[in-house]
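Some notes on the structure that comes next.
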Amino acid sequence: MSQSRPRLMVFGEEAITVLRHCSFKISGMCLLISILALLSGALVGFAFDVFAWFILSTTRVTGF
């Protein structure tokens, strides 16, 4: 049953568990690290989209 769950849900549950286990003094640091991880992932995805659009627009590949 646990193998059929999406990887993102498992990652989210693990992140929540890690945040819950952080003590009060370092919970802010854990939250900051998780936010930075999400932002970096979004930035990498956005940069890849821009790069792919640039390649497709310069080479003028049709059929996609």
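The values are calculated or read from the model by the stated rules, or taken from the named source; none is laboratory data. For clarity, every value in this text was computed on a predicted model and none was experimentally measured. Neighbour counts are summed over all protein chains in view; Cβ atoms, including those assigned to glycine, are modelled from backbone coordinates with ideal geometry.
Checked against the criterion of being part of a helix (DSSP H, G or I), loosely packed, with under 10 Cβ neighbours inside 10 Å and either hydroxyl-bearing (S, T, Y) or at pLDDT 80 or above (or both), the candidates T62, T58 yield just one match: T58.
Exactly one residue out of G12, G41 is at pLDDT below 80 and either surrounded by 10 or more Cβ atoms within 10 Å (Cβ to Cβ) or assigned to a helix (DSSP H, G or I) (or both), and it is G12.
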